[in-house]
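Peer 1: Sharing a structure below in structure tokens format, with a few things to ask.
The values are calculated or read from the model by the stated rules, or taken from the named source; none is laboratory data. Bear in mind the structure is a predicted one, so any value in this text is a computation, not a measurement. Positions of Cβ are backbone-derived with ideal geometry, glycine not excepted, and every protein chain shown enters the neighbour counts. We work out accessible area using only protein heavy atoms, side chains counted, and drop any ligands, DNA or RNA first. Shrake-Rupley method; radii C 1.70, N 1.55, O 1.52, S 1.80 Å.
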Amino acid sequence: MPKAQETILEIDLKALKHNFEHIKSKLKTNTKFLVVVKAFGYGSDAIEIAKYLQNLSADYFAVAYAHEGVELRKAGITNPILVLHPIPANFKTIINNKLEPNLYNAKVFNEFIETLANYKQSDYPVHIKFNTGLNRLGFSESDVDYIVERLKKTNAVKVTSIFSHLAASEDLNEKKFTLTQINIFKNIAQNFIDNIGYTPMLHICNTSGVLNYPEAQFDMVRSGIGLYGFGNSEKENKKLKPIAALKTIISQIHNIKKGESVGYNMAFKSDSPIRTATLPIGHADGIGRQYGNGKGFVLINDQKAPIIGNVCMDMIMVNVSNIDCKEGDEVIIFNSKTTAEDLAQTTNTISYELITGISQRVKRIFLQ
Ligand SMILES: *Cc1c(COP(=O)(O)O)cnc(C)c1O
């Protein structure tokens, strides 16, 4: 692998393939695989990920918002795309791009059907979400009759799937809660199917759901974080490979005298002579201010260099007093060995937040 010469996010498509196949190996033969590529493919690159996994026979894609789906269509993605969080202002965009909305409450449900009627559409594929305990988006169990009655009066939509989302699938201490969610979902599905007269697909599992609740795969699973290499537990992390490595270089080295400060607002003051390296990556690239002042670290020649002082918009300064390094040397922020999760933990956050926060300013490079 050539050394980084600027700040880059390297995306290893072989690792992506490994993760896809690993998760797929957990699925029953008839279970469909929906790949979640929201938020730029968890901060990597939604288009490249979707193209690559469409070729590897992913069945479905999901994004959070309509415009994310439009970008996939523009790039030539032909698989069905579920929009997890459609907003009425985007219904026309959804229809014009053959995106499939999640209908999660009466307002969205009725307004989408009305919009379709204006477009003279019939049997448009939609997905109905039920809230089974996360209390975020979704109809409640008691809404089934209302939905079914409304559906019987229109041919504008055809329910492709009904689904729900688990609140704590990664936390085995909450197993009882998760099993309750799964049971509520089963009841809703049965009631729905008995009354509507056809059988939509059912799905409830995210990555940790697939790994921890094989009995709840139903017809499809929705995996995001696992494809990007994180399994939400030490055991599962070992079987997956983080696909993204964030790298940069040393722009400048300073020798700081005792009593001098480093960075904005003199947040770091040296009590002995030290050596610092200034790196071309900052909070505008996704390394938040919370990583400053000794919390976060980077790796230079396999050694940890803590971030000192405040994180700037475009730069951080790290302490390299004990590291043999020079201007131009490569710096690892995270990779498959020292992972985004390791760095995220220094500020009590999760891999999801760190990787989705890597801004679009950072150049993406793909390893085939
Ligand atoms: C983001 C999301 C997923 C993917 O979850 P992971 O934990 O990343 O696998 C699945 N379903 C819904 C509704 C989501 O919002």
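Peer 1: When the Karplus curve 6.51 cos²θ - 1.76 cosθ + 1.60 is applied with θ = phi - 60°, which whole-Hz ³J(HN,Hα) does each residue of the stretch 359-368 get, with x for Gly and Pro?
Peer 2: 6, 5, 5, 7, 5, 9, 10, 10, 9, 7
Peer 1: Summing Lys, Arg as +1 and Asp, Glu as -1, what charge do residues with Cβ under 11 Å from the Cβ of His165 carry, His165 excluded?
Peer 2: Net charge around His165: +3.
Peer 1: Given the stretch 31-228, what whole percent of its Cα pairs are spread farther than 23 Å?
Peer 2: 42 percent
Peer 1: Another question about this same structure. Ranking request for peptides 312-320, 230-238, 71-79: highest mean number of other beta-carbon atoms within 10 Å first, then the rest in descending order.
Peer 2: 312-320, 230-238, 71-79
Peer 1: Ok, one more. Where does the chain land at 222 nm, in deg cm²/dmol rounded to the nearest 500, when only DSSP H runs of n ≥ 4 count, each adding -39500 (n - 2.57), divided by all residues?
Peer 2: Theoretical 222 nm ellipticity from helices: -8500 deg cm²/dmol.
Peer 1: Something else about it: Using a 1.4 angstrom probe on heavy atoms only, work out the carbon and sulfur share of the accessible area of the chain in %.
Peer 2: That share works out to 48 percent.
Peer 1: Taking Cα pairs under 8 Å and at least six residues apart, what relative contact order does the chain come out at, in percent?
Peer 2: With pairs under 8 Å counted, the relative contact order is 19 percent.
Peer 1: May I pose another question? With all distinct Cα pairs included, what does the Kirkwood hydrodynamic radius of the stretch 244-367 come out to in Å, to one decimal, could you say?
Peer 2: So the Kirkwood estimate lands at 14.5 Å.
Peer 1: If you don't mind, another one. Pick from Leu211, Leu53, Leu134 the residue whose mean-square fluctuation is largest in a GNM of the chain, springs joining Cα atoms under 10 Å.
Peer 2: Of Leu211, Leu53, Leu134, the Gaussian network model singles out Leu134 as fluctuating most.
Peer 1: Further question: What ³J(HN,Hα) values, in whole Hz, does the Karplus curve 6.51 cos²θ - 1.76 cosθ + 1.60 give for the stretch 332-342 when θ = phi - 60°, with x put for Gly and Pro?
Peer 2: Working through the residues one at a time gives 9, 8, 7, 8, 7, 9, 9, 8, 4, 5, 4 Hz.
Peer 1: Something else now. Sequence-distant or interchain residues sharing an amide H contact under 5 Å with Arg364, placed H: which?
Peer 2: When sequence neighbours closer than 5 places are left aside, the close amide H contacts are Leu9.
Peer 1: Assign unit charges at the C-beta atoms only (+1 for Lys and Arg, -1 for Asp and Glu), then state the dipole size of the stretch 294-338 relative to its Cα centre in Debye, rounded to the nearest 20.
Peer 2: 240 debye
Peer 1: Oh, and also: For the charge dipole of the chain, defined by +1 on Lys and Arg C-beta atoms and -1 on Asp and Glu C-beta atoms about the Cα centroid, which residue among Ser142, Ala75, Met220 has the Cα displaced farthest towards the positive pole?
Peer 2: Result: Ala75, furthest along the dipole toward the positive end.
Peer 1: Still on this model: Give me the accessible area per residue for the chain, probe 1.4 Å, as a whole number in Å².
Peer 2: 46 Å²
Peer 1: Taking the Cβ of Gln5 as the center, what net charge do the other residues with Cβ under 13 Å away carry, scoring Lys and Arg +1 and Asp and Glu -1?
Peer 2: With Lys, Arg at +1 and Asp, Glu at -1, the neighbours total -2.
Peer 1: Using all alpha carbons of the stretch 61-163, what is the percent of pairwise distances in each 10 Å bin, ordered from the shortest bin to the longest?
Peer 2: Computed distribution, short to long bins: 15, 51, 29, 5, 0.
Peer 1: Hey, another quick one. Scaled to the compact-protein estimate 2.2 N^0.38 Å, what is the alpha-carbon radius of gyration of the stretch 1-103, rounded to two decimal places?
Peer 2: Normalised Rg, Cα atoms only: 1.17.
Peer 1: Now for a different question. Lysines near Lys129 by alpha-carbon distance under 22 Å, same-chain residues fewer than 8 away left out - which ones?
Peer 2: Lys32, Lys38, Lys92, Lys98, Lys107, Lys152, Lys153, Lys158, Lys175, Lys176, Lys186
Peer 1: Could you work out the relative contact order of the stretch 105-149, using alpha carbon pairs under 8 angstrom and six or more residues apart, expressed as a whole percent?
Peer 2: Result for the stretch 105-149 is 29 percent.
Peer 1: On the first, second and third principal axes, largest extent first, how far apart are the outermost C-alpha atoms of the chain in Å?
Peer 2: 78, 43, 38
Peer 1: Once you list every other residue whose beta carbon is under 13 Å from the beta carbon of Met313, what net charge do they have if Lys and Arg are +1 and Asp and Glu are -1?
Peer 2: Result for the neighbourhood of Met313: 0.
Peer 1: If we sort 323-332, 60-69, 352-361 on the protection proxy, mean other Cβ atoms within 10 Å, highest first, what's the order?
Peer 2: Going by the mean number of other Cβ atoms within 10 Å, highest first, we get 60-69, 352-361, 323-332.
Peer 1: Here's a follow-up. Convert each backbone phi in the stretch 248-262 into a coupling constant with the Karplus relation 6.51 cos²θ - 1.76 cosθ + 1.60 (shift: θ = phi - 60°), then list the ³J(HN,Hα) values in order as whole Hz, x for Gly and Pro.
Peer 2: Once θ is set to phi - 60°, the couplings for the stretch 248-262 become 8, 9, 8, 7, 8, 10, 10, 9, 9, 7, 3, x, 7, 10, 10 Hz.
Peer 1: State to the nearest 20 debye the size of the charge dipole of the stretch 31-228 about its Cα centre, where the only charges are +1 on K and R beta carbons and -1 on D and E beta carbons.
Peer 2: Computed charge dipole of the stretch 31-228: roughly 380 debye.
Peer 1: On to the next question. Would you tell me the accessible area of Phe139, worked out with a 1.4 angstrom probe on the heavy atoms of the protein chains, in Å² to the nearest 10?
Peer 2: The accessible area of Phe139 comes to roughly 10 Å².
Peer 1: Taking the Cα centre of the chain as origin, sum charge times position over the Cβ atoms of Lys and Arg (+1) and Asp and Glu (-1), and report the length of that vector in debye to the nearest 20.
Peer 2: About 300 debye.
Peer 1: As I understand it, the value is the acute angle between the Cα axis of helix 13-25 and the longest principal axis of the Cα atoms of the chain; what does it come to in degrees, rounded to 10?
Peer 2: With both axes taken from Cα atoms, the answer is about 40 degrees.
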